[in-house]
Amino acid sequence: MERLYFNPPVLAIVTGTSGSGKTTLSSGLYDGNGNRISPGVMHTIHAIYINKDMISDGFSKERSGEFYEQVVRRGTYNAIDNIARCNLMLGNSIWIDANYSTEVQNEGWASRYRILAEETNSMLKLLRCVAPEDIIKRRLEERSYERDRGKLEDWTGFLKREPIHVPVPFNGIEIDTSNSLEECVKRALKFLQE
């Protein structure tokens with residue numbers, strides 16, 4: 001299948017709480033043997049894929065505490081911004097897969113990405129992945145990541161820190177990932193082309 005190119009480039013930011021379906025929307029669905037069952041958006045578009053967890057894991061597997069907040073989180077988001085800026089300046093579209101659960105509610109965060117899009121002559125798009133609370137909790141339980149343990153142990157606190165639904169600050173949509181992956185990918189692709 002031929003991939004979609006964007007001119008001007010797209011700065012797509014895929015947000016949502018942990019377990020909301022960001023990475024599945026991005027990369028697709030795979031079976032236990034690593035065989036792709038259903039393609040994600042990245043199989044259809046030409047863009048640089050930036051995954052927050054892949055960068056964070058280079059610092060530490062820890063996802064809470066002072067070290068995480070002051071070093072890992074800040075360093076990860078700075079790295080994402082730098083990778084995005086460099087590639088956008090080269091004319092490459094960017095697909096950022098990152099929670100931004102608290103950041104997306106901050107006008108300073110939104111302004112930073114608006115400025116980046118303006119400076120690089122790119123189209124800014126925000127896709128917020130959501131799903132019902134019980135589905136998100138089940139996904140976290142099933143994937144059994146060490147970094148999700150604290151979230152499951154303090155579920156109420158987790159949902160306060162990373163709410164499922166938040167206002168989308170700029171050109172954006174919500175994608176309910178409890179729908180089929182094919183339907184979610186179609187919706188995302190349609191939005192990217194608008």
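The values are calculated or read from the model by the stated rules, or taken from the named source; none is laboratory data. These figures come from a predicted structure and were not determined experimentally. As a convention, Cβ positions derive from the backbone with ideal geometry for all residues, glycine included, and neighbour counts pool all protein chains shown. The accessibility values were calculated without ligands, DNA or RNA, using every heavy atom of the protein model including side chains. Shrake-Rupley method; radii C 1.70, N 1.55, O 1.52, S 1.80 Å.
Kindly list the residues of segment 14-46 that lie in the label zone of S144, defined by a backbone N under 15 Å from the point 7 Å along the Cα-to-C-beta vector.
Taking a point 7 Å out along Cα→Cβ of S144, the residues of segment 14-46 whose backbone N falls under 15 Å are 32-33.
With each run of n ≥ 4 DSSP H residues scored as -39500 (n - 2.57), what mean residue ellipticity at 222 nm is computed for the chain after dividing by its residue count and rounding to the nearest 500 deg cm²/dmol?
It lands at -12000 deg cm²/dmol.
Kindly identify segment 6-74 as rounded, prolate or oblate by the Cα gyration tensor criterion: order the square roots of the eigenvalues as a ≥ b ≥ c, call it rounded if a/c is under 1.5, otherwise compare a/b with b/c, prolate if a/b is larger, else oblate.
In terms of gyration-tensor shape, oblate.
Taking the alpha carbon gyration tensor of segment 60-194, what are the square roots of 5 times its eigenvalues, largest first, to the nearest whole Å? Don't jump to the answer; show the numbers that get you there.
Numbers: eigenvalues 136, 87, 36 Å².
The equivalent ellipsoid of segment 60-194 has semi-axes of 26, 21, 13 Å.
If each of F59 and N82 carries a label point 7 Å out from its Cα toward its Cβ, how far apart are those two points in nm?
1.2
Could you tell me what percent of the accessible area of the chain is made up of carbon and sulfur, with a 1.4 Å probe and every protein chain present?
Within the chain, the accessible surface is 49 percent carbon and sulfur.
Taking H placed 1.01 Å from N in the peptide plane, check which residues at least 5 places from L11 or on another chain put their amide H under 5 Å from its amide H.
So L11 has HN proximity to I94, M123, L124, K125.
With a 1.4 Å probe and all protein chains kept in place, how do M42, M54 rank by accessible area, largest first?
Highest to lowest solvent-accessible surface, that is M54, M42.
Over the Cα atoms, compute the radius of gyration (one decimal) and Dmax (the largest Cα-Cα distance, rounded to a whole number) for segment 1-123, in Å.
Cα radius of gyration and Dmax of segment 1-123 are 15.1, 45 Å respectively.
I'd like to check one number: the per residue accessible area of the chain, probe 1.4 Å, reported in Å² as a whole number.
51
Which of rounded, prolate or oblate describes segment 141-189 when judged by the alpha-carbon gyration tensor and an a/c cut-off of 1.5?
Cα axes put segment 141-189 in the oblate bin.
Which pairs in the list K125/K186; K137/K190; K160/K186; K22/K186; K52/K190; K125/K160 are over 22 Å apart, alpha-carbon to alpha-carbon?
From K125/K186; K137/K190; K160/K186; K22/K186; K52/K190; K125/K160, over 22 Å: K137/K190; K160/K186; K52/K190; K125/K160.
Using the eigenvalues of the Cα gyration tensor, what equivalent ellipsoid semi-axes result for segment 49-93 when each is taken as the square root of five times the eigenvalue, whole Å, largest first?
Working: eigenvalues 114, 19, 6 Å².
Listed largest to smallest, the semi-axes of segment 49-93 are 24, 10, 6 Å.
Suppose each label sits 7 Å from its Cα in the direction of the beta carbon; what would the F170-M89 distance come out to in nanometres?
The two pseudo-label positions are separated by 1.8 nm.
Is segment 1-45 best put as rounded, prolate or oblate by its Cα gyration tensor, with a ≥ b ≥ c the root eigenvalues, rounded for a/c under 1.5, and otherwise prolate when a/b is larger than b/c, oblate when not? All intermediate terms of the calculation are to be shown ahead of the outcome.
Numbers: a/c = 4.56, a/b = 1.29, b/c = 3.53.
In terms of gyration-tensor shape, oblate.
Antiparallel as a % of all DSSP beta bridges within the chain, to the nearest 5?
15
How large is the charge dipole for the chain, taken about the Cα centre, if only the Cβ atoms of Lys, Arg (+1) and Asp, Glu (-1) carry charge, to the nearest 20 debye?
Dipole about the Cα centre, nearest 20: 200 debye.
Give me the distance in nm between label points sitting 7 Å out from Cα along the Cα-to-Cβ direction at Y5 and K190, one decimal.
For the pair Y5/K190, the computed spacing is 2.7 nm.
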